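One structure below.
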Amino acid sequence: MRIAVTDACIFIDLILLELTDQFFCLPLEIHSTFDVFDELHHEQQQIFNKHILARKLTIHNLSQEDFTKIHLTIFPKSLSESDKTVIFLAEKLKAMLLSSDKIVRNFSKANAIEYHGMLWIFDQLLISEQITYRAAINKLNNLIANNIVYQNNMELAFEINKRIEKWERACHDEFLQKL
C-alpha cells in the first residue's frame, strides 16, 4: 500500500466536498502531522477522529530532533511551519505528498518528492469506484465555486476542463449502455 502524507488544505477540501469517507477507502496509508491536525477547527478534527480510531489516518507528533532537522532545512519563507512538517514527514516516510498548496507542490517538485492534489484524488476515487462520474463532476464544480485556488488559474482550468469533458463522456456512455 502506498503511503501518502496529507496537508490541511486537502483535509479541508475533502470535508467541503463530503468525500472524507471515500478518501479513506482508497488504497493509501494516510499520514499527517499534529501541526496540520491542530490547524483544523474542532468540528473538522471530529470528522477525522473516526479515521484515526479506525487506523486509517496516522497523526505524527514530531520529536524535538525532527523539528531541529526541519529548522536546519532551507525552505522558502512563504511555507508555514505545518507545511514544513508535512514535507519533512513525506521525506522521512519516503511517501507522496498530497497538497493543493502551490508553494508546497513547487518545493516538492524541486526536491524530487512525489506530490499530487485534489484532481489526482478525484482520479483515484473514480478508478476505485468510490464515486460516480456524475458525482465527480458535481463535486469538482463545487470545489471550483468554493475554493479560490481553483479559480482563475489557467493551468488548473485546463486540467479541470479536460477531466470534466472526459467524465461527461463517461456519463453519456453509461447512459447509452443502460438503454
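The values are calculated or read from the model by the stated rules, or taken from the named source; none is laboratory data. Worth saying up front: this structure is predicted, and the values here are computed from it rather than measured. Cβ coordinates were reconstructed from backbone atoms using ideal geometry, including for glycine residues, and neighbour counts include every protein chain displayed.
Determine if the range 88-95 includes at least one residue that is more than 15 Å from the chain's Cα centre (by Cα), surrounded by fewer than 21 Cβ atoms within 10 Å (Cβ to Cβ), closer than 21 Å to Asp13 by Cβ and of a type in the set (A, V, I, L, M, F, W, C).
Taking every residue of the range 88-95 in turn, none turns out to be more than 15 Å from the chain's Cα centre (by Cα), surrounded by fewer than 21 Cβ atoms within 10 Å (Cβ to Cβ), closer than 21 Å to Asp13 by Cβ and of a type in the set (A, V, I, L, M, F, W, C).
Tell me yes or no: at least one residue of the range 75-83 is under 12 Å from the mean Cα position of the chain (by Cα) and buried (at least 21 other Cβ atoms within 10 Å of the Cβ). Give the derivation first.
Residues of the range 75-83 under 12 Å from the mean Cα position of the chain (by Cα): none.
Within the range 75-83, none of the residues are under 12 Å from the mean Cα position of the chain (by Cα) and buried (at least 21 other Cβ atoms within 10 Å of the Cβ).
If I filter the range 123-140 for residues that are surrounded by 21 or more Cβ atoms within 10 Å (Cβ to Cβ) and more than 18 Å from Phe24 (Cβ to Cβ), do I get at least one hit?
Checking the range 123-140: not a single residue is surrounded by 21 or more Cβ atoms within 10 Å (Cβ to Cβ) and more than 18 Å from Phe24 (Cβ to Cβ).
Considering each of Phe107, Phe75 in turn, give the residue that is farther than 23 Å from Phe23 by Cα, touching a residue at least 12 places away in the same chain (Cβ under 8 Å) and touching a Lys or Arg at 6+ places or on another chain (Cβ under 6 Å).
Only one candidate passes the filter, namely Phe75.
Consider the range 34-71. How many of its residues are assigned to a loop (DSSP other than H, G, I, E, B) and of a type in the set (A, V, I, L, M)?
Residues meeting the conditions: 3.
Quick one: in the range 37-79, of everything that is touching a Phe, Trp or Tyr at 6+ places or on another chain (Cβ under 8 Å) and polar (S, T, N, Q), which residue is nearest to Ser108 (Cα to Cα)?
Among those that are touching a Phe, Trp or Tyr at 6+ places or on another chain (Cβ under 8 Å) and polar (S, T, N, Q), it is Thr73.
Please find, among Arg169, Arg134, the residue that is farther than 27 Å from Ile3 by Cα and touching a Cys at 6+ places or on another chain (Cβ under 8 Å).
Arg134
Do any residues in the range 15-28 that are among the polar types (S, T, N, Q) have Cβ atoms under 9 Å from those of residues that are at pLDDT 95 or above and in a loop (DSSP other than H, G, I, E, B), where the two are at least six apart or on different chains, and which pairs are they?
Close Cβ pairs satisfying both conditions: Gln22/Ser128; Gln22/Gln130; Gln22/Ile131.
Looking at the range 150-162 only, could you name the residues that are surrounded by fewer than 17 Cβ atoms within 10 Å (Cβ to Cβ) and in contact (Cβ under 8 Å) with a residue 24 or more places away in the chain?
The answer is Glu159, and nothing else.
Looking at (1) surrounded by fewer than 17 Cβ atoms within 10 Å (Cβ to Cβ); (2) in contact with a Cys (Cβ under 7 Å, 6 or more places away or on another chain); (3) of a type outside the set (Asp, Glu), which is the one condition that is false for Ser100?
If we test Ser100 against (1) surrounded by fewer than 17 Cβ atoms within 10 Å (Cβ to Cβ); (2) in contact with a Cys (Cβ under 7 Å, 6 or more places away or on another chain); (3) of a type outside the set (Asp, Glu), just (1) comes out false.
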